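Engineer: Sharing a structure below in structure tokens format, with a few things to ask.
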Amino acid sequence: MTRLPVRALVVLFLLVLSPFVVASAAAAGGGAAKLNASSSSPLYGIEFPPFNAGVADAGCDGKLVVEEEVMVSRSPSLKLHMTHRSAAEAAAAGRTRKESFLDSAEKDVARIGTMLRRVAGSGGGRTAAPANSSPRRALTERLVATVESGVAVGSGEYLVDVYVGTPPRRFQMIMDTGSDLNWLQCAPCLDCFEQRGPVFDPAASLSYRNVTCGDPRCGLVAPAAAPRACRRPRDDPCPYYYWYGDQSNTTGDLALESFTVNLTASGASRSVDGVVFGCGHWNRGLFHGAAGLLGLGRGALSFASQLRAVYGHAFSYCLVDHGSSVGSKIVFGDDDVLLGHPRLNYTAFAPPAAASAADTFYYVQLKGVLVGGEMLNISSSTWDVAKDGTGGTIIDSGTTLSYFAEPAYQVIRQAFVDRMNKAYPLIADFPVLNPCYNVSDVERVEVPEFSLLFADGAVWDFPAENYFIRLDPDGIMCLALLGTPRSAMSIIGNFQQQNFHVLYDLQNNRLGFAPRRCAEV
């Protein structure tokens, strides 16, 4: 049995499932990482030349020396900070933990529905990233941007601190491995959701320029419902439409801009020029205070894919506890500490059966589920991807809970019911989650162990706080797993990923994971 400490689960997350979205609570008391409080703070921006050229830093004057193109076996790494805010801030906004959680679960359902439509449909014009984009000669610094929880702004995803434009201005963007397009709310904002701080103003940036409707990159996005005629292919802007959960979408012009992030080692920064992003003038949905979204999917337009030629074919993140305000990071390129972790485990990415929008998602091949150390009796076909592309298992940073195909979920749920300590009374009719238990005044709750077994033999063992949620002060503890509504797809959500360093190694086509106190990364 795994023991579940009260302090590890005292905070309920508000992770909304808007567009397809951490150190322990005890560690959080040691001091929270601070965001750069001002968007006007000094940033020593150094622009990269085009990705097909090697570059070397010429020093603090911001100039670059373009060197002869040299291939290297190891690319540099780019590191971005992440933080998860305290759920207490959600309570300050007048919402109970239970209300926040139910809202998150409802939005998960909307997100999953959109994922299914993408798999079954055309995928909104997304195209897989080129496989042959080799990393170039690299810079030695690691690039860092803050990622924090969206709890305080009513969002359940993780927010990445990114500087956009020239001069660079700070925006918090949702980190999402389940979508590709990077976008910001843009002036003029004709129909926008509420966000903290001003929207991005293209007129205030010297580096902004539109992607024209005749540009090949315009074909990577779906046009608006009533697309404008492309009368002047070299001059007219490229309109786009991109959707997420129910009623969540962004519409605007595809554009190029400079994205700046901080460097860990020197305190300076680097600016990646010509990043394709959506300048959204009509934006609706479940984004709650964020300025936009940073897509990390497999498609060509994602931030990870666009940086691949400089930082290589890998990125990783470490999500702190959902209730923590301590900073964490997302790393583009190789992370030596992670690669040397003695408990780093790998499982191969599994290709989808149908090439479509599924090119966005990161599939893995499950073989089975263990509860209390015992393999459950679940048919192996439950985990397979069907010929039409449905089914299978993905790992996703934008979905809160983990969801399993309904036949598997029913077996998993019953296994916990059968193996739970009978001293904890079952709570009947608790909304959404099942089973739930009354654990009032229990300091350390014992729960059965939970693991995922992959087809290649890899095993992912989870601590109790990653699959049970405790709702204090109510004294209620619930299994934080659900069945996938109307689908055979299974999803490993971000609640189960907390305090694991998760590596997306696309060069070797594998997912890595290692237990880690993410506040220390």
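Engineer: Given the conditions (1) open to solvent by 30 Å² or more (accessible area, probe 1.4 Å); (2) closer than 16 Å to GLY368 by Cα, and given that PRO473 satisfies all but one, which numbered condition is not satisfied?
Structural biologist: (2)
Engineer: Now for a separate question. Filter the stretch 201-233 for residues that are over 29 Å from ASP359 (Cα atoms) and of a type outside the set (Gly, Ala, Ser) and give the result.
Structural biologist: Within the stretch 201-233, ASP201, PRO202, LEU206, ARG231, ARG232 meet the criteria.
Engineer: Among the residues of the stretch 209-219, is there at least one that is aliphatic (A, V, I, L, M) and within 24 Å of LEU286 (Cβ to Cβ)?
Structural biologist: no
Engineer: Sort through VAL320, VAL276, VAL272 and tell me the only one that's surrounded by 19 or more Cβ atoms within 10 Å (Cβ to Cβ), aliphatic (A, V, I, L, M) and in a loop (DSSP other than H, G, I, E, B).
Structural biologist: VAL320
Engineer: Okay, moving on. I need a count of the residues in the stretch 173-200 that are within 21 Å of the chain's Cα centre (by Cα) and not charged (D, E, K, R).
Structural biologist: Here the count works out to 13.
Engineer: Kindly list the number of the only condition in (1) in the same structural domain as GLY252 (by the TED database); (2) under 30 Å from GLN195 (Cβ atoms) that fails for PHE361.
Structural biologist: (1)
Engineer: Sort through PHE303, PHE287, PHE315, PHE259 and tell me the only one that's at pLDDT below 95 and either among the polar types (S, T, N, Q) or closer than 30 Å to ARG470 by Cβ (or both).
Structural biologist: Just one listed residue meets the conditions, PHE287.
Engineer: List pairs: first in the stretch 160-189 and of a type in the set (Phe, Trp, Tyr) and modelled with pLDDT under 95, second in a strand (DSSP E or B) and surrounded by 24 or more Cβ atoms within 10 Å (Cβ to Cβ), Cβ under 7 Å, 6+ apart or cross-chain?
Structural biologist: TYR163/THR260; TYR163/VAL261; PHE171/VAL162; PHE171/VAL164; PHE171/LEU184; PHE171/PHE200; PHE171/GLY292
Engineer: Tell me, please, whether a residue that is in a loop (DSSP other than H, G, I, E, B), modelled with pLDDT of 95 or more and in contact with a strand residue (DSSP E or B) (Cβ under 8 Å, 6 or more places away or on another chain) can be found in the stretch 471-488.
Structural biologist: no
Engineer: Continuing with this model, one more query. Given the structure, is TYR346 open to solvent by 10 Å² or more (accessible area, probe 1.4 Å) and of a type in the set (Phe, Trp, Tyr)?
Structural biologist: Answer is yes for this residue.
Engineer: Check ILE492 against each of (1) at pLDDT 95 or above; (2) surrounded by fewer than 22 Cβ atoms within 10 Å (Cβ to Cβ) and name the one condition it does not meet.
Structural biologist: For ILE492, the exception is condition (2).
Engineer: While we're on this one: Would you mind stating whether VAL439 is among the hydrophobic types (A, V, I, L, M, F, W, C) and more than 21 Å from TYR363 (Cβ to Cβ)?
Structural biologist: yes
Engineer: Restricting to the stretch 182-230, and then to whatever is among the polar types (S, T, N, Q) and closer than 18 Å to LEU294 by Cα, can you tell me which residue is most open to solvent (accessible area, probe 1.4 Å)?
Structural biologist: GLN195
Engineer: Kindly evaluate PRO233 against the criterion of being under 25 Å from PRO167 (Cβ atoms), part of a loop (DSSP other than H, G, I, E, B) and open to solvent by 50 Å² or more (accessible area, probe 1.4 Å).
Structural biologist: No.
The values are calculated or read from the model by the stated rules, or taken from the named source; none is laboratory data. This one's a predicted model, so the numbers in the text were calculated from it and none came from an experiment. Counting neighbours? That spans all protein chains shown, and the Cβs are built from the backbone with ideal geometry, glycine included. Accessible surface is based on the protein model in full, side chains and every heavy atom, while ligands, DNA and RNA are left aside. Shrake-Rupley method; radii C 1.70, N 1.55, O 1.52, S 1.80 Å.
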